[in-house]
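The values are calculated or read from the model by the stated rules, or taken from the named source; none is laboratory data. Worth saying up front: this structure is predicted, and the values here are computed from it rather than measured. Virtual Cβ from ideal backbone geometry, glycine too; neighbours counted across all protein chains shown. Quick note on the areas: whole protein, heavy atoms, side chains included, nothing else; ligands and nucleic acids left out. Shrake-Rupley method; radii C 1.70, N 1.55, O 1.52, S 1.80 Å.
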Amino acid sequence: METGEPVVIVEDLVKTYDGELVLDHIDLMVLRGESIGIAGPNGAGKSTLLKIIAGIEHPTSGRVEVRGRVGFVPQETLLLPWRTLRGNIMLAAKLRGIPAGEAKETVLWASKLLSLEEYLDKRPAQVSGGTRRKAQILMALVLKPDILLLDEPFTGLDQDTINALQEALLGLQRNHKLTMVTVSHMLDELMSISSKLYLLTHKPARIREMNLG
Amino acid sequence: MVWWLLSQTYREAVPGPGDTLAALREIGFPRILHGIRVTLVNSLLGYAVALLFSLASITLAYLNKHLDAFFNALNTFIQSVSVLVWAIVLVMIYGVTSRKPPILVVAAATYPILLSTLYSGVRALDDQYKLLAKILGATRIQELVYFILPGIVPYLAGASRAAIGIALRISVVAEAFGASGGVGYWLVYSYDYGYKEGVFAWAWILILLMIAVDMLVLRPIERWTLRWKQVSQ
Ligand SMILES: Nc1ncnc2c1ncn2[C@@H]1O[C@H](COP(=O)(O)OP(=O)(O)O)[C@@H](O)[C@H]1O
Ligand SMILES: [Mg+2]
């Protein structure tokens with residue numbers, strides 16, 4: 001599999017909720033190894049678009065094709081409070097049928113990359129929001145995704161944590177040949193990690209590519 | 001103080017602390033201990049029966065919509081039958097010397113409490129982890145095993161504290177209808193013989209028993225199950 005071929009193809013996608021149009025004929029193509037960013041105001045439909053690509057929500061009409069395994073990092077951190085971060089990550093692997101040995105290997109390198117090692121055996125309530133977010137990202141990485149979908153990964157984090165996380169994500173994308181799609185309501189959060197930027201307009205959302213040159 | 005005032009005002013009906021203490025001595029430690037043991041065992045066994053049934057109920061209801069409706073109807077029925085009715089009917093069925101009526105009355109009284117709390121717990125957890133279950137492709141059974149049942153523990157502990165308190169109170173009422181022993185039996189026994197000091201002595205035993213169980217058993221259990229909610233930073 002070479003870089004450059006399309007791995008996410010969205011064609012003429014329409015999504016309505018209870019008859020209300022949310023996504024209005026969206027077209028999007030993501031190539032293997034690319035990192036793209038999608039910005040848009042709150043309520044535009046960014047989370048909906050990501051969930052549809054992840055296969056969690058279904059399109060009302062249109063075509064969505066995804067080639068490869070998807071890892072989805074939701075907007076709200078969803079960790080089981082009675083398990084440690086490691087316990088959460090290992091459960092994700094188990095439910096998705098990833099062998100424990102492989103999962104442990106991923107935890108080893110990815111926790112180093114995300115500076116998460118010292119917190120792995122703590123429970124979610126014992127760590128900061130930034131650490132929980134990183135654990136949620138590791139929970140997606142442990143599934144060995146080809147395509148990583150990140151929903152507002154920087155929201156609520158302080159600038160130092162954002163910089164470190166952006167650095168880590170770039171490292172992931174380059175060294176592990178990940179394809180990345182990140183959405184955010186803050187355009188500037190996407191600049192440093194995206195090679196292409198798209199804008200979703202206010203509901204009903206249409207999409208257009210932004211000129212980075 | 002209040003007690004002393006009452007006993008001074010209603011000298012005929014209310015024995016004072018001194019007389020009650022004397023009655024306690026008269027009843028004797030072995031009988032008190034035996035009464036407490038019977039009441040505790042009745043309460044805990046009744047609670048345990050209700051616990052098993054309510055856990056089975058929510059598990060089956062979670063996995064099947066029809067069973068969900070069935071347990072809702074059952075719960076409404078059990079809730080609408082008075083404890084008095086349960087006690088009389090069960091004593092008629094099993095006889096006055098049987099230990100089963102108090103145990104089953106306690107079970108019938110605590111099942112609705114446990115069930116309704118567990119139900120709201122399941123609903124809350126189901127909402128909370130629906131997206132996670134989808135992301136991880138969890139089956140309904142996996143969702144139950146990994147998300148719902150572990151998450152329900154604090155709800156269960158909270159409900160159990162209330163349920164065991166009620167179990168003790170209901171158990172003594174049910175014991176009063178039979179002749180199988182327990183604090184409730186001895187209370188009514190003392191009353192039937194016009195032994196006022198005995199009634200007060202057993203009443204105090206009951207009150208102290210409830211406080212002791214709550215402080216020494218129920219609160220520590222609840223605290224333990226909530227340990228992962230604490231924030232230590
Ligand atoms: N499950 C749902 N049911 C009904 N409406 C929804 C649902 N999810 C999202 N919406 C609506 O769709 C619109 C887009 O939501 P969302 O994708 O979360 O926006 P964003 O992530 O860009 O803030 C909002 O108006 C929201 O109210
Ligand atoms: Mg969103």
(request) Using the Cα centre as the reference, give the magnitude of the dipole from point charges on the C-beta atoms of the range B:19-232 (Lys, Arg: +1; Asp, Glu: -1; all else neutral), rounded to the nearest 20 debye. (result) 500 debye
(message) Using only DSSP helix segments of four residues or longer, with each worth -39500 (n - 2.57), what per-residue ellipticity at 222 nm results for chain B after dividing by its residue count and rounding to 500?
(response) -26500 deg cm²/dmol
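By per-residue mean of other Cβ atoms within 10 Å, what is the highest-first order of B:96-102, A:32-38?
A:32-38, B:96-102
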(request) Determine the shape class of the range A:61-148: with a ≥ b ≥ c the square roots of the Cα gyration tensor eigenvalues, call it rounded for a/c under 1.5, and otherwise prolate if a/b is greater than b/c, oblate otherwise. (result) prolate
(request) State, to one decimal in nm, how far the label point of A:SER61 lies from the label point of A:ASP18, with both points 7 Å from Cα in the Cβ direction. (result) 2.3 nm
(message) Starting from 0.36 nm per residue, how many nanometres of slack lie between B:ASP192 and B:LEU33 once their C-alpha separation is accounted for?
(response) 55.1 nm
(request) Can you bin the range A:10-84 into rounded, prolate or oblate? Criterion: square roots of the alpha carbon gyration tensor eigenvalues sorted a ≥ b ≥ c, rounded for a/c under 1.5, prolate for a/b above b/c, oblate for the rest. (result) oblate
(request) Return a whole-number percent for the relative contact order of chain B, with Cα pairs under 8 Å and 6 or more residues apart as the contact set. (result) 27 percent
(request) Please list the radius of gyration and Dmax for the range B:19-232, considering alpha-carbon atoms only, with Å as the unit. (result) 20.3, 69
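Evaluate the charge dipole of the protein assembly as shown about its Cα centre and quote only its size in Debye, nearest 20, assuming +1 on the Cβ of each Lys and Arg and -1 on the Cβ of each Asp and Glu.
1000 debye
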(message) Output wanted: per-residue J couplings in Hz (rounded whole) for the range B:145-154, from phi through Karplus 6.51 cos²θ - 1.76 cosθ + 1.60, θ = phi - 60°, x for Gly and Pro.
(response) 6, 9, 10, 7, 4, x, x, 7, 3, x
(message) How far apart, in nanometres, would the label points at A:GLU102 and A:LEU187 be if each is projected 7 angstrom from Cα along the Cα-to-Cβ direction?
(response) 4.1 nm
(request) At 7 Å along the Cα-to-beta-carbon direction for both B:SER120 and A:HIS176, put a label point, then send me their distance in nm to one decimal. (result) 4.2 nm
(request) Return the loop-located trypsin sites (Lys or Arg not before Pro) in the range A:137-213 (DSSP other than H, G, I, E, B) with at most 12 other Cβ atoms within 10 Å of their own Cβ; answer none if there are none. (result) A:LYS177
(message) Under the rule a/c < 1.5 gives rounded, and otherwise a/b versus b/c splits prolate from oblate, where does the protein assembly as shown land using the Cα gyration tensor?
(response) prolate
(request) Mind checking the full-extension length gain between B:MET210 and B:LEU67? Use 0.36 nm per residue of separation minus the Cα-Cα distance, one decimal, nm. (result) 47.9 nm
(request) In whole angstrom, note down how far apart the Cα centers of the range A:1-74 and the range A:138-213 are. (result) 14 Å
(message) Past the 20 angstrom mark, what percentage of all C-alpha to C-alpha distances in the range B:1-111 do you count?
(response) 62 percent
(request) Considering Cα pairs under 8 angstrom that are at least six residues apart, work out the relative contact order of chain A and quote it in whole percent. (result) 32 percent
(message) How large is the Kirkwood hydrodynamic radius of chain A, counting all unique pairs of alpha carbons, in Å?
(response) 17.5 Å
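I'd like the carbon and sulfur percentage of the solvent accessible area for the range B:19-232, probe radius 1.4 Å, heavy atoms only, ligands and nucleic acids excluded.
Carbon-and-sulfur percentage of accessible area, whole number: 69.
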(message) I want to verify a result. In a Gaussian network model of chain A, Cα cutoff 10 Å, which of these has the top mean-square fluctuation: A:PRO145, A:PRO99, A:PRO59?
(response) A:PRO99
(message) Cut-off under 27 Å on the C-alpha distance; same-chain residues fewer than 8 positions from B:LYS134 excluded. Which lysines are left, in chain and number order?
(response) A:LYS15, A:LYS46, A:LYS51, A:LYS94, A:LYS104, A:LYS122, A:LYS134, A:LYS144, A:LYS177, A:LYS203, B:LYS65, B:LYS229
(request) Find the relative contact order for the range B:61-145 and round it to a whole percent, using C-alpha pairs within less than 8 Å whose residues are 6+ positions apart. (result) 28 percent
(message) Can you give me the solvent accessible area of A:MET186 with a 1.4 Å probe, rounded to the nearest 10 Å²?
(response) 80 Å²
